[in-house]
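Notes for the one structure printed next.
No value in this document is a laboratory result; all are computed from the given coordinates. Given the structure is predicted, the values throughout are model-derived calculations rather than measurements. Using ideal geometry, Cβ is built from the backbone for each residue, glycine included, and neighbour counts are taken over all protein chains shown.
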Amino acid sequence: MMNEQAPVTAGEPLPVRVSWRLSRHGRRLITLALAGLLLAVVTRRPEFAGVAAPAVLLLAGWRRDRPQAIGLRVALSSASITEGEQASVIAEATGLAGHAGRLRLQPADFVTPAWPSVAGTVTADGTARYRLPFRAERWGRRPVGTAELILTDRLHLAEGRARAWIPQLACYPAPATLDRPVVLSALPSRLGEHPARAAGEGIEFAGVRAFVPGDRQRRVNWPATTRRGSLQLNTFSAERAQNVVLIVDASTDVGEPGASSLDLAVRAAAGIARCYLTARDRIGLVIYGGHPAWVSPATGRRQFHRMADLTLASPAAHGRAGALTRLPRAALPAGALVLVLSPLLQPALIEALRDLRERGCTMLIIDVLNTGPQRDAGGRRPLLLRGPGSRAAVVSPLAQRVWTMEQQAIRFSLRELGIPVVHWDGQQALDQPLAPYARRVMVVRR
Amino acid sequence: MTPGPAMTPGPQPRQRQARPAWLAARISPGLRLRAATSAAAGLLAAASVAWAAIPMHSAGAGSRPVLTIAIGCAALGAVRLAAGEGQAGDPAPFEPWIIRAGREVLALLRLVPWAEATVVAVLALEALHGARAWHTGLLGAALLAYLLAVHLAETGQRPASLRGQLPLAAAGLGLLVLAVGSAAIGAPAGPAAGWFRSLAAIAAVAAAALAVPV
């Protein structure tokens, strides 16, 4: 079975129909030939027929034995990449019958090919291979576009086109930079890398105390023993891991595509997850959207991919979302640090956060709202907030002021409840807004 | 001890000045080739229009509008080649009107076959002059070169890709020389002229048949 646009993937090349038509070069030669011959007849001047002669001879090389179908196999060099990284469309074509071909990518949104088209290399068995690099500019499970193989005959008179869909690409968000994590003062008794307040078997020096029978002799602090006249012992802090839960607000997405609030939220979530997993903490993810989805806290590299897959599988769902308090205990364990990534535009989420705080949850909100009522091109009229693809509307300056004050009031009320709110613009490292809380342990208040 | 002749530093070979890094990074070889072929196409179009126009005083009635059309088509064709084959993306919501208008103009520019219009206008301008066989012959060669240059500029291919067309183009140029020669000798009215006209008509029909896409 032959297809006009076949969803060709890996495996054996599939037959794809080639649609042939006159090339632009052929059309121009025909114009020259016709104009020359017409003028020769009308003006009775043979030199115009001579002008038409080269074009007529070139057109005489028109071939009729063109392949009506070719074998085409299209694949991606990598099924998953990170935002801003490069991958390649790899195509193999058979049955070209000596025709030269160029591979062109008709890109989908947020996909930028490195070159408009590439020529292929023909192997000894007549298979032509093409490799066209492209860059994915925005995270998401997205189509790459359509691969178009353009065939031309020896004289460039006819042009044949064969199209094939390219498999979807999983593009993970580019992680924001975070080197120093926020650590709680009270950590669950689980072995980790953060020094806790309790004494334990770690390597962080905590203090000196009197020797008690049964203590290890190698921990005797001899200078202190000499000073005090009795045996003194070094004590060390216990090293614990903490539970972290990220709540990504997918219920609202405002701002320019590529730098919208959801884009910033998932990039921040990726950066935070990477940082905590490097410190061997347990981290989980809750996507707050139309239907909350979650990954329970766990550790390890596989957890990062589990979280990234959940992010890609949960598209932005505008509207009222389910309550966070209905999440199972495994998704939101007690004593976990909850980091919320949200533009704080959804009243239901704000209510849910207040509710969680009142239940004793330790939270920190990273505000990713980077747009607001904007001015129009003339700088006079402010414009409403808009989501990707929506149209702008004009609001009055008074409405703009009311909106700004309302946003300030929301953040103030959250701070009053003991929920710190920091703002991240998506450009700087996450370390900068989180510095006040990462510099020392974050005190847990019940 | 004085150093021997082998130890004395000889004249240093002149160092070739390196291309600035920013320039090397921005101008890729493909872009350079495309720019060169586009410039060649523009120059050939300008030369063809000028060659067909001179001398203007000997041209017949209506030569000025035809010349204007030819100049306009050649200029817009050059602009279209310089603009390239950009993808028509969706306009951004807050795009200024000037960028929006530029996008529309560019789309219109890509829609019209400027090279074909230039060829027709230049040949019409030449026909408005009196018979001058050698002049028309050179114009025909220039127009063929112009079309090949436009093809190279559009596809971004190297001139070597036209190697397959070379024998046929050379044969065609030979026929052009023969036609110019026969015109220069002079063709009195008679059966030969009639035969020639018949042959030209048959060739025109054959060219039109080739134009129908299969």
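Here is how the numbers come out for the structure above:
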{"item": "Rough spin-label spacing in nm, given labels placed 7 Å along Cα→Cβ, for residue A:401 and residue B:68", "result": "5.8"}
{"item": "Sequence-distant residues sharing a close amide H with residue A:442 (under 5 Å, placed H)", "result": "A:183, A:184, A:185"}
{"item": "In degrees, nearest ten, helix A:347-358 long axis to first principal axis of chain A (Cα)", "result": "30"}
{"item": "Label point at residue A:219 placed 7 Å out along Cα→Cβ; residues across region A:175-199 whose backbone nitrogen lies under 13 Å", "result": "A:198-199"}
{"item": "Theoretical FRET efficiency, 1/(1+(r/R0)^6), r = Cβ-Cβ of residue A:123 and residue B:33, R0 22 Å, to 0.05", "result": "0.25"}
{"item": "Ellipticity estimate at 222 nm from DSSP helix runs (n ≥ 4, -39,500 (n - 2.57)) divided over chain A, nearest 500", "result": "-8000 deg cm²/dmol"}
{"item": "C-alpha long axis of helix A:397-416 to longest principal axis of chain A, angle in °", "result": "40"}
{"item": "Extreme residue, positive dipole direction of region A:205-308, given options A:266, A:241, A:291 (C-beta unit charges)", "result": "A:241"}
{"item": "Backbone N under 15 Å from the residue A:69 label point (7 Å along Cα→Cβ), restricted to region A:91-106", "result": "A:94-96"}
{"item": "Burial ranking of peptide ranges B:165-175, B:115-125, A:246-256, A:204-214 (average Cβ count within 10 Å, highest at the top)", "result": "B:115-125, A:246-256, B:165-175, A:204-214"}
{"item": "Where labels lie 7 Å past Cα in the beta-carbon direction, separation of residue A:359 and residue B:112 in nm", "result": "6.9"}
{"item": "Check: region A:234-372 dipole with +1 on Lys, Arg Cβ and -1 on Asp, Glu Cβ, in debye", "result": "560"}
{"item": "Length added when fully stretched, residue A:209-residue A:19, from 0.36 nm per residue minus Cα-Cα", "result": "59.7 nm"}
{"item": "Per-residue average of Cβ from other chains inside 10 Å of B:126-138", "result": "3"}
{"item": "Inter-centroid distance (Cα atoms) of region A:285-316 relative to region A:51-67, Å", "result": "61"}
{"item": "Total charge dipole magnitude, chain A, about the Cα centre, Cβ charges on Lys, Arg, Asp, Glu only, Debye to nearest 20", "result": "240"}
{"item": "Positive-end residue of A:217, A:169, A:41, charge dipole of chain A with Cβ unit charges", "result": "A:217"}
{"item": "Computed FRET value (nearest 0.05) for residue A:412 with residue B:82, which takes r as the C-beta separation and R₀ as 35 Å", "result": "0.05"}
{"item": "Long-range tail of P(r) for region A:19-121 (Cα pairs > 20 Å, %)", "result": "60"}
{"item": "Degrees separating the helix A:46-59 axis from the principal Cα axis of chain A, which is the longest one", "result": "50"}
{"item": "Extension reserve of the residue A:302-residue A:179 stretch, reckoned as 0.36 nm per residue once the Cα distance is removed", "result": "42.2 nm"}
{"item": "Relative contact order (percent, whole number), region A:246-297, Cα cutoff 8 Å, 6+ residue spacing", "result": "39"}
{"item": "Partner chain coverage, peptide B:140-147 - average Cβ within 10 angstrom", "result": "5"}
{"item": "Span from the region A:79-154 Cα centroid across to the region A:349-366 one, whole angstrom", "result": "48"}
{"item": "Per principal axis, descending, Cα span of region A:94-249 in whole Å", "result": "102, 42, 22"}
{"item": "Shielding by other protein chains, B:155-162, mean Cβ within 10 Å", "result": "3"}
